[in-house]
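J.: Take a look at the following structure, please.
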Amino acid sequence: MVRKIKLQAKNREFTRKISELSGEVAMLCEQCGTCAGSCPMLAEMDITPSQMMRLVQLGQEAVLENKTFWVCASCYTCTVRCPRGIDPAKIAEALRQVKLRQAIDYIRIDEIEPEEAKKLPAIALVAAFRKMTG
Amino acid sequence: MNELEKDMLPQAVMITIYVLSRQYHVPAGSTILTALEYAGFKLKKGVGCREGFCGACASLYRLQGDYKLHGGLGCATVVQPEMQIVQLPYTPAPKAIYHLEELEPVPEVFTQLYPELYRCLSCNTCTKICPQDLQVMDYIQAAVRGDLEQAADLSFDCIQCGLCSARCPAEITQFNVALLARRLVGKYLAKKGKYVEDRIKEVEASKFTAGYQELQDLSPEDLKKRYFERELNNLIY
Amino acid sequence: MLPQVVMIQIPYYPGCTLKNKASNFETSALAAARALGLELVELPRWNCCGAVFSLSSDDLMRHIAPTNIFLRVQEMNRDHLVEDEYRLVTFCAMCFNVLRRTNQRLRESLEDRNKINDFSYLETETYQGRVEIVHLLELLRSMGWDKIQERVQKPLTGLKVAPYYGCMLLRPKDVGIDDPERPTILEELLRSLGAEPVDFPLKLRCCGSYQTVPNKDLVADLAYDILSRAQKAGAEAITTSCPLCAFNLDFRQKEIQQKYPMFLPIPVFYFSQLMAIAFGLPQEVFGLAGHYANPKTLLATKGYLQATSPLEGG
Ligand code: SF4
Ligand code: SF4
Ligand code: SF4
Ligand code: SF4
């Protein structure tokens, strides 16, 4: 399927914003798909990490409605494998931060079952809250 | 402030303070509460024991030439020239509902009842604002790692003023977490003092009923007199 | 005869989970370290490191927590709790990763350092990058595997253990303690202890980490893949250095068993538990309580547990 996208100033602005937040130059991505092929969370994602990269390159703010960057576990497999030396994990974090800074959380702490909360180690809660609540 | 008290400050040096951004001239040496009253505020809320114990008069202030936001108790903080003041007597705070009898003194109580605790960033902002000079971050961190005793110990002097919670970037209700820790330690872990049990027995045996009745029958004037003449140093705890 | 050891004292950061849910891991690690002459002195005052390194460029607020911890190491030196020792030892792979990575960032950026030092104005010290973060495994490697081997009294002969690295020990490359794609450090440890390391393809594959909070089914699936591949390769047990991996791989076996009834439970050891066992330390420090998949049966069949003594706490 071919989709024609006309880039406007606001698209470039979004790309710039994500690059600034992540400290990574998304434009360097050559769409090789290594990140997608290495990602342990792929099955749970709605777009692949490389598609996420492409949407950021194209300044498509709609990427913020995808699940991929929330499902990312910050395992840094893509980080060590990207042939262009980009860190897609940082791009995912930037996308999370855009949402969290709009006060849109991914998880609701009060929805965690008390029985489950009792079992979970502190490390899991601290990490999840840092990644998924703002 | 009654006339008598006002008379006691005739030669007081006056200083300028700002309350809710309006300028007032008040006697130097006043506390925030007396300064507010001098300026004409009628305090019905945000004032309590006036002795630094109840935590009702929490106030925020800034000093001239200092970017820091300070917290203090209105009854215990002396005003300074050019001070900007607002009272923050209450911070809305979620409070977990629990029955102490059904809880166990285990680390899991925190993950269950106050999971948001795990959002703490260890930024120390709470410690900076605490008017009781508590290591608030440290007691919260003790709770994070499930150390009930340390959390209770470090928060012992908390008066629940709420300032820490108002400032916390992680939106934690520190003082309620601390209360839970102290309650559990008090009920399950702390050494039991025999004197408490003895005193409870004495109360139940109506040992103090007559004494209380005597106080209740006094006129307000006599009661005040008795209060100011009480022998502080002889109080037996 | 055991070789004589000279004790050295190094500051130690436990992290929240080793003090709480996984205190059994800490017991074994401290005891094993002591047996090697390492006296790990816990920071007198410390806070949670944050568990995950904040990846955005401007989020300095989240780097304050590790910086506080570095300051405590300075204070320990100031107060002579240790002498001129700026190494900080951790066991927890997540703490290790966050601390080392934050330290790296602060060393590289004077601006970040100044901002945090200025923000933390209640502190009596400022941080300039002096602390060195060390994982216990790195310390072991630098002592020499032969030294570890010398200390072994009950070699774990015939115990087939799959080393599971996960993420935080190895990635990113400049933070990791070994080659990010072909690590050997856990294998070397296992061999020094007399055990048989079992290689399996998913030893570097993420267990799902903190996704265990919103999505335990997903993590159960990931854990199932990892565990069953290790079993297929012949492993009788798994070992890891991360308490979150240990939780996901061990406690999610409950969900795994519900989803995959054919699955046979497999014990998950913290690396230091295996050290404590092989060093012939007292059974109480093994920390075998607090596991989901029972590790005692396996150890008992192999003869590493005295069947007569109560296993309570051990
Ligand atoms: S860091 Fe995130 S996107 Fe990258 S491989 Fe790991 S889970 Fe996938
Ligand atoms: S591995 Fe790197 S270059 Fe390849 S698609 Fe992913 S981000 Fe782009
Ligand atoms: S202000 Fe909140 S986030 Fe900061 S240390 Fe205190 S409790 Fe933690
Ligand atoms: S800990 Fe918080 S509520 Fe308690 S006295 Fe200090 S600022 Fe007030």
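The values are calculated or read from the model by the stated rules, or taken from the named source; none is laboratory data. Predicted model only: the values in this text are computed from it and were never measured. Here the Cβ positions follow ideal geometry from the backbone for every residue, glycine too, while neighbour counts run over all protein chains shown.
J.: For segment A:106-134, give me each residue that is facing another protein chain (nearest Cβ under 7 Å), of a type in the set (Gly, Ala, Ser) and in contact with a Lys or Arg (Cβ under 8 Å, 6 or more places away or on another chain).
T.: The one that is facing another protein chain (nearest Cβ under 7 Å), of a type in the set (Gly, Ala, Ser) and in contact with a Lys or Arg (Cβ under 8 Å, 6 or more places away or on another chain): A:Ala122.
J.: On to the next question. Anything in segment C:32-61 that is closer than 21 Å to A:Asp87 by Cβ, more than 16 Å from the chain's Cα centre (by Cα) and among the aliphatic types (A, V, I, L, M)? List them, or say none.
T.: Hits for segment C:32-61 are C:Leu55, C:Leu60, C:Met61.
J.: Scan segment A:62-95 for residues that are among the basic types (Lys, Arg) and either part of a helix (DSSP H, G or I) or over 14 Å from A:Met41 (Cβ atoms) (or both) and jot them down.
T.: A:Arg81, A:Arg84, A:Lys90
J.: Taking segment B:50-105 only, how many residues are assigned to a loop (DSSP other than H, G, I, E, B) and either within 16 Å of ligand 2 (Cβ to nearest atom) or away from chain C (no Cβ under 14 Å) (or both)?
T.: 34
J.: Hey, among the residues in segment B:136-163 that are in a loop (DSSP other than H, G, I, E, B) and among the acidic types (Asp, Glu), which one's nearest to ligand 4 (Cβ to nearest atom)?
T.: B:Asp157
J.: Could you give me the residue pairs with C-beta distances under 8 Å whose first residue belongs to segment B:75-94 and is assigned by TED's automatic domain parsing to the domain that holds B:Thr16 and farther than 22 Å from B:Ile172 by Cβ, whose second residue is charged (D, E, K, R) and part of a loop (DSSP other than H, G, I, E, B) wherever it lies, and which are 6+ apart or on separate chains?
T.: From segment B:75-94, the pairs are B:Cys75/B:Arg50; B:Cys75/B:Glu51.
J.: Got at least one residue in segment A:96-105 being crowded, with 20+ Cβ neighbours inside 10 Å and either more than 9 Å from chain C (Cβ to nearest Cβ) or assigned to a helix (DSSP H, G or I) (or both)?
T.: The answer is yes, given that some residue of segment A:96-105 is crowded, with 20+ Cβ neighbours inside 10 Å and either more than 9 Å from chain C (Cβ to nearest Cβ) or assigned to a helix (DSSP H, G or I) (or both).
J.: Just give me the residues in segment B:200-228 being among the hydroxyl-bearing types (Ser, Thr, Tyr) and either part of a loop (DSSP other than H, G, I, E, B) or farther than 25 Å from B:Glu51 by Cα (or both), in sequence order.
T.: B:Ser206, B:Thr209, B:Ser219, listed by residue number.
J.: Shifting gears a bit: Pairs only if they're at least six apart or on different chains, beta carbon under 6 angstrom, first in segment C:167-179 and more than 21 Å from C:Gln211 (Cβ to Cβ) and modelled with pLDDT of 95 or more, second within 16 Å of ligand 2 (Cβ to nearest atom) and of a type in the set (A, V, I, L, M, F, W, C); list them, first residue then second.
T.: Taking only residues 6 or more apart or on different chains, the pairs are C:Lys173/A:Val80.
J.: Let me ask another. Could you tell me whether A:Gln51 is away from ligand 4 (no atom under 16 Å from the Cβ) and either assigned to a loop (DSSP other than H, G, I, E, B) or touching a residue at least 24 places away in the same chain (Cβ under 8 Å) (or both)?
T.: So A:Gln51 does not fit the description; no.
J.: Would you pick out the residues in segment A:1-33 that are in contact with a helix residue (DSSP H, G or I) (Cβ under 7 Å, 6 or more places away or on another chain) and within 13 Å of chain C (Cβ to nearest Cβ)?
T.: Answer for segment A:1-33, where residues must be in contact with a helix residue (DSSP H, G or I) (Cβ under 7 Å, 6 or more places away or on another chain) and within 13 Å of chain C (Cβ to nearest Cβ): A:Ile18, A:Ser19, A:Leu21, A:Ser22, A:Gly23, A:Glu24, A:Val25.
J.: Might you check whether a residue that is closer than 21 Å to B:Leu163 by Cα, modelled with pLDDT of 95 or more and polar (S, T, N, Q) occurs anywhere in segment B:67-80?
T.: Yes, that holds for at least one residue.
J.: Take the residues in segment C:99-125 that are under 16 Å from C:Met61 (Cα atoms) and among the hydroxyl-bearing types (Ser, Thr, Tyr), then tell me which one is farthest from the chain's Cα centre (by Cα).
T.: Per the criteria, the residue is C:Tyr121.
J.: While we're on this one: Give just the number: which of (1) of a type in the set (A, V, I, L, M, F, W, C); (2) within 14 Å of chain B (Cβ to nearest Cβ); (3) buried (at least 17 other Cβ atoms within 10 Å of the Cβ) does C:Leu122 not satisfy?
T.: Of everything listed in (1) of a type in the set (A, V, I, L, M, F, W, C); (2) within 14 Å of chain B (Cβ to nearest Cβ); (3) buried (at least 17 other Cβ atoms within 10 Å of the Cβ), C:Leu122 misses just condition (3).
J.: Please find, within segment B:107-144, the residue that is nearest to ligand 1 (Cβ to nearest atom) out of those that are more than 8 Å from chain C (Cβ to nearest Cβ) and of a type in the set (Gly, Ala, Ser).
T.: Looking at residues that are more than 8 Å from chain C (Cβ to nearest Cβ) and of a type in the set (Gly, Ala, Ser), I get B:Ala143.
J.: While we're looking at this one, here's another question. Considering each residue of segment C:193-247, count those that are among the hydroxyl-bearing types (Ser, Thr, Tyr), within 23 Å of A:Cys72 (Cβ to Cβ) and more than 10 Å from chain A (Cβ to nearest Cβ), and give that number.
T.: Residues that pass the stated criteria total 3.
J.: Only residues that are in contact with a Pro (Cβ under 7 Å, 6 or more places away or on another chain) and more than 9 Å from every other protein chain (Cβ to nearest Cβ): list them for segment C:30-71, please.
T.: C:Val41, C:Glu42, C:Leu43, listed by residue number.
J.: So, in segment A:75-120, exactly how many residues are touching a residue at least 12 places away in the same chain (Cβ under 8 Å) and within 16 Å of ligand 2 (Cβ to nearest atom)?
T.: Summing the residues that are touching a residue at least 12 places away in the same chain (Cβ under 8 Å) and within 16 Å of ligand 2 (Cβ to nearest atom) in segment A:75-120 gives 19.
J.: Related question: Quick one: in segment B:171-191, which of the residues that are of a type in the set (A, V, I, L, M) and either within 16 Å of the chain's Cα centre (by Cα) or within 13 Å of ligand 4 (Cβ to nearest atom) (or both) is farthest from the other protein chains (Cβ to nearest Cβ)?
T.: That would be B:Leu179.
J.: Please tell me if C:Leu88 is of a type outside the set (Gly, Ala, Ser) and farther than 22 Å from A:Cys75 by Cα.
T.: When the stated conditions are applied, C:Leu88 passes them.
J.: Okay, moving on. For A:Gly37, only one of the following conditions fails: (1) away from every other protein chain (no Cβ under 12 Å); (2) free of Cβ contacts under 8 Å to residues at least 24 places away in the same chain; (3) under 12 Å from the mean Cα position of the chain (by Cα); (4) assigned to a helix (DSSP H, G or I). What is its number?
T.: Here A:Gly37 clears every test but (3).
J.: Now a separate question. Within segment B:147-176, work out how many residues are touching a helix residue (DSSP H, G or I) at 6+ places or on another chain (Cβ under 9 Å) and away from ligand 3 (no atom under 14 Å from the Cβ).
T.: Qualifying residue count for the region: 10.
J.: Return the residue satisfying two criteria in turn: it lies in segment C:178-192 and is charged (D, E, K, R) and closer than 16 Å to C:Leu159 by Cβ, and of such residues it is nearest to the other protein chains (Cβ to nearest Cβ).
T.: For segment C:178-192, the residue satisfying everything is C:Glu187.
J.: Now, a different point. All but one of (1) surrounded by fewer than 20 Cβ atoms within 10 Å (Cβ to Cβ); (2) under 22 Å from B:Glu116 (Cα atoms) hold for A:Met45, so report the exception by its number.
T.: So the condition that A:Met45 fails would be (2).
J.: Quickly run through segment C:1-32 and pick out the residues that are surrounded by fewer than 22 Cβ atoms within 10 Å (Cβ to Cβ) and among the small types (Gly, Ala, Ser).
T.: C:Ser23, C:Ala31 - these are the residues of segment C:1-32 that are surrounded by fewer than 22 Cβ atoms within 10 Å (Cβ to Cβ) and among the small types (Gly, Ala, Ser).
J.: Filtering segment C:249-274 down to residues that are among the polar types (S, T, N, Q) and under 22 Å from C:Leu137 (Cβ atoms), which residue is farthest from the chain's Cα centre (by Cα)?
T.: Selected residue: C:Gln273.
J.: Let me confirm something: among C:Tyr260, C:Tyr270, C:Tyr210, which residue is of a type in the set (Phe, Trp, Tyr), outside the structural domain of C:Ser28 (by TED's automatic domain parsing) and either surrounded by fewer than 24 Cβ atoms within 10 Å (Cβ to Cβ) or closer than 11 Å to C:Val161 by Cβ (or both)?
T.: After applying the criteria, what remains is C:Tyr260.
J.: Additional query: Determine which member of the set C:Ala300, C:Ala289 is small (Gly, Ala, Ser) and outside any loop (DSSP other than H, G, I, E, B).
T.: When all the criteria are applied, what remains is C:Ala300.
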